[in-house]
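Okay, structure first, notes after.
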Amino acid sequence: MLSKRIISCLDVRDGKLAKSIKFVDTRDIGDPVIQARKYYEAGLDELVFYDITASSDNRGIMIDVVRRVAEQVFIPFSVGGGLRTVEDCSRVLLAGAEKVNVNSAAVKNPQLIAEVSYAFGAQAVVLSMDVLRVPSTEEIPSGYEIVINGGRTRMGLDAIQWAQKGEQLGAGELVINSIDADGTRQGYELRLTRQIAEAVSIPVIASGGGGKPEDLYEVLTEGKADAALVASMLHYNEYTIGEVKSYLAGRGLKIRMV
């Protein structure tokens, strides 16, 4: 059995580490390069970097910040935000990332997933999905809708169906960002995560809502996630990576200890 992974997310706005609640009320909280180094040294399994306004501002990713973070960490490092072409993804990988996260551009042009997967391999392609809970309809049977441009634009696209299509097109992993749980620290969206994990055969990373180690245990077991992404509980020094891993290992999960 593969180890469950603990991943931290660095949301970056204008070169600064930022944090939001339900994708709004975004505040600057520090230096992403310093934070990346701190988490790497503390034993984090993987790091995700999102340039959270690149798509909505219709600009490219801040490649200098990507490069500076990559120079500080020696764990798997994936990057997303404003990646619209194979060339965009190539620049990020050449700057030191091991994986690219495609999101808004892939919803608008699903073939992007196939093109990037063909160019760099499925292991380098992460489909990041921003998901909003909505009433179930014929168009959105699961009750979960895909939203793009940093949570600004609803797409009328069912999240479960999009996850399956992403896998078919060549994504190697999925990140499930629950807008409803984002920044609340009230626990992950277990139903959403479990439904997607049961619908695909590639790894699923749960994102949004982690506030305490028990939340991670729930999403890694009941939610059937392969990895849990955390932000606030680490950014605000409420827990250390070591404390989270010790708790999960103590509950019987296979975890890579520091």
(request) List every residue pair whose Cβ atoms sit under 8 Å apart, with the two residues 6 or more apart in sequence or on different chains, where the first one lies in the stretch 105-130 and is among the charged types (D, E, K, R) and the second, anywhere, is outside any helix (DSSP H, G or I) and at pLDDT 95 or above. (result) Asp130/Ile146; Asp130/Val147
(message) Quick check on Gly252: is it outside any helix (DSSP H, G or I) and crowded, with 19+ Cβ neighbours inside 10 Å?
(response) no
(message) Here is a check on your reading of the model: is Gly80 free of Cβ contacts under 8 Å to residues at least 12 places away in the same chain and crowded, with 17+ Cβ neighbours inside 10 Å?
(response) no
(message) Which count do you get for residues in the stretch 139-158 that are in contact (Cβ under 8 Å) with a residue 60 or more places away in the chain, among the small types (Gly, Ala, Ser) and surrounded by fewer than 22 Cβ atoms within 10 Å (Cβ to Cβ)?
(response) 1
(request) Considering only residues that are over 11 Å from Ile113 (Cβ atoms) and touching a strand residue (DSSP E or B) at 6+ places or on another chain (Cβ under 7 Å), look in the stretch 84-95 and name the one that is surrounded by the fewest Cβ atoms within 10 Å (Cβ to Cβ). (result) Leu93
(request) Considering only the stretch 115-138, state which residues are among the hydroxyl-bearing types (Ser, Thr, Tyr) and surrounded by fewer than 18 Cβ atoms within 10 Å (Cβ to Cβ). (result) Tyr118, Ser136, Thr137
(request) Return yes when Gly96 is within 26 Å of Ile6 (Cβ to Cβ) and touching an Asp or Glu at 6+ places or on another chain (Cβ under 8 Å) and no when it is not. (result) yes
(message) Looking at the stretch 15-36 only, could you name the residues that are surrounded by fewer than 16 Cβ atoms within 10 Å (Cβ to Cβ) and either over 26 Å from Arg5 (Cα atoms) or at pLDDT 85 or above (or both)?
(response) Gly15, Val24, Asp25, Arg27, Asp28, Ile34
(request) Name, by its number, the condition in (1) crowded, with 19+ Cβ neighbours inside 10 Å; (2) in a helix (DSSP H, G or I) that does not hold for Arg191. (result) (1)
(request) Go through the stretch 64-83 and give me each residue that's more than 24 Å from Lys108 (Cβ to Cβ) and in a helix (DSSP H, G or I). (result) Asp64, Val65, Arg67, Arg68, Val69, Ala70
(request) Quickly run through the stretch 194-223 and pick out the residues that are more than 19 Å from Asp158 (Cβ to Cβ), assigned to a helix (DSSP H, G or I), within 17 Å of the chain's Cα centre (by Cα) and not hydrophobic (A, V, I, L, M, F, W, C). (result) Asp215
(message) So, restricting to helices (runs of 4 or more DSSP H) that lie completely within the stretch 86-177, which ones have at least 1 residues that are under 17 Å from the mean Cα position of the chain (by Cα) and among the aromatic types (Phe, Trp, Tyr)?
(response) 159-169
(message) Of the conditions (1) buried (at least 20 other Cβ atoms within 10 Å of the Cβ); (2) without any contact (Cβ under 8 Å) to a residue 12 or more places away in the chain, Ile176 satisfies every one except a single condition; which number is it?
(response) (2)
(message) For a quick check of your reading of the model, give me the residue pairs whose first member lies in the stretch 243-254 and is closer than 11 Å to Pro213 by Cα and of a type in the set (Asp, Glu), whose second is at pLDDT 95 or above and in a helix (DSSP H, G or I), with beta-carbon atoms closer than 8 Å and at least 6 apart or on different chains.
(response) Glu243/Pro213
(request) Considering (1) at negative phi; (2) in contact (Cβ under 8 Å) with a residue 40 or more places away in the chain, say which one Gly170 fails and leave the rest. (result) (1)
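The values are calculated or read from the model by the stated rules, or taken from the named source; none is laboratory data. Since the structure is predicted, the reported quantities are computational estimates derived from the model, not experimental observations. For neighbour counting, all protein chains shown are included, and Cβ atoms are generated from backbone atoms with ideal geometry for every residue, glycine included.
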